[in-house]
Every structure is written in structure tokens, then in C-alpha cells.
1. Taking R0 as 35 Å, what's the FRET efficiency between Leu12 and Val142 from their Cβ-Cβ distance, rounded to 0.05?
2. Given the -39500 (n - 2.57) contribution per DSSP H run of 4+ residues, what per-residue ellipticity at 222 nm results for the chain, rounded to the nearest 500 deg cm²/dmol?
3. Tell me, Kirkwood radius of the range 13-62 from alpha-carbon pair distances, in Å?
4. Hand me the tally of lysine pairs in the chain: alpha carbons under 26 angstrom apart, and the pair either on different chains or 8 or more positions apart.
5. Compute the helix-to-body angle for 167-186: its Cα long axis versus the longest principal axis of the chain, expressed 0 to 90° and rounded to tens.
6. Modelled label-to-label distance, Trp36 and Asp19, 7 Å Cα→beta-carbon offset: nm?
7. Between Val149 and Ile112, 0.36 nm times their residue separation minus their Cα-Cα distance comes to what?
8. If you put +1 on each Lys and Arg Cβ and -1 on each Asp and Glu Cβ, how big is the dipole of the range 39-201 around its Cα centre, in Debye rounded to 20?
Amino acid sequence: MKLNPSFVGIALSSLLAIDLWASKRLGVCAGEGSAWGSARPLMKVIEVSGHGIPWLLGTFYGLCQSDSSAGREVLLNLLFALLLDLVMVAVVKGLVRRPRPTHNKMDMFVTISVDKYSFPSGHATRAALVCRFVLRHLVLAVPLRVLVVLWALIVSISRVMLGRHNMTDVLFGLLLGYALYGVVEHCWLSPATAPALFALWSH
């Protein structure tokens, strides 16, 4: 059965309208005068916790300080994952060019040119990617594993609450981050596959 192109167009337009409406309704911390405006400072702290720069700097510092070959391997691959995330999100944002929600207040921490676009949410992508990476490669007690998952969910939800993104930006970001982890695992860097890189970090 073939779908009428006009029906498909109407359906997509309706879904987009619902996305924009629901996202605006959920943007309860989008400004100081919003319904939950008093929680905006806390939401911005959560925003920074999922920002790429702290993660890149922290991973790079850990890589420089690590005296364990196994630790360096994990950190080098985390650095690779974070860089891959930045590139992929920037490419998709540049191609789609979806504007930020109209109720968004552009006071984000350290932005670049493509950050004026909304789709997908880089924070959500990073949260999903880091969450899968940490759960797979760090030995953590169950309560800490639960906290990692909760952090990823809270970072993602905060994007809509702050008015930074629409819901579909966040949902696609989570899916993209989940998929990017598979790429990192497939291209896993090790002393056998990338000896030159590991030679740079050997003490």
C-alpha cells in the first residue's frame, strides 16, 4: 500500500508541531521568569557536567597522569570517543540546521558556530556515549552504575527543561550517542592497532 505524499507531509508537520508545543511546555527552566526559574542555576550546573570541554580536558589530564598501560588504553579510547562525538554532532547540526527553540536563552557555556543549531543535542549524545563507555570499561559498584545512568538521563532531560533543545533533538542525540559507542568499540585503539599513539603516552 502506497501512502499519499500529502498525508505523509501532514503527519510529519503534525508531529513537528507536537514536538515544538510539548518542548515549550516542558521548558520550565528556560528563563528566570519561567515556572521553575529558581532551579535554572542547578540546571546550568548539570549542563556544564555534560559539556564537551570539561570532559575533553579531564580525559586528557588523566591520560597524561596515568602510569598504567591499561588505564592509558581506556582513557585514549575515551578521548577518541569524545572527539568522534564532537565531529559527528557538528556535522549533523551543520547539515540539518534546525534553529534552537524560540524560548531558549542563549547563555550557554562556551559555544562554537554550529551551536546555534539545535538538532541533535550534543549533551544527550555525549551523555549516552559516556554512559555506555563507563559502564562497559570501569568496574563500578551497582549504586555507582545507577548514578551514571541517572546522570545521563538528567543531563538529557535538562536540555528540554532549559529550553536548549526540542524533545526530538534529545531523543535523536541519545540514539546517536548509543550508536557511536558501537563505532568506538569496533575501532578500539590498542598498542597492537595503534602503536604510534601509545608510544606518545608511554612514560
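The values are calculated or read from the model by the stated rules, or taken from the named source; none is laboratory data. The structure presented is a predicted model; accordingly, all values stated were derived computationally and were not measured. Quick reminder, even Gly has a Cβ in these numbers, built from the backbone with ideal geometry, and neighbours come from all protein chains shown. Please note that ligands, DNA and RNA were not included when accessible areas were found on the heavy atoms of the full protein model with its side chains. Shrake-Rupley method; radii C 1.70, N 1.55, O 1.52, S 1.80 Å.
1. With a Förster radius of 35 Å, E is 0.25.
2. Numbers: 8 runs with 137 residues, N = 203.
Calculated from helices alone, the mean residue ellipticity at 222 nm is -22500 deg cm²/dmol.
3. Working: mean 1/r = 0.0767 Å⁻¹.
Computed over Cα pairs of the range 13-62, the Kirkwood hydrodynamic radius comes out at 13.0 Å.
4. 10
5. Helix 167-186 sits roughly 20 degrees off the main axis of the chain.
6. For the pair Trp36/Asp19, the computed spacing is 2.2 nm.
7. Numbers: separation 37, 0.36 × 37 = 13.32 nm, distance 2.76 nm.
Here the segment from Val149 to Ile112 would lengthen by 10.6 nm.
8. Numbers: 15 positive and 8 negative charges, 118 e Å.
In debye, rounded to 20, the range 39-201 gives about 560.
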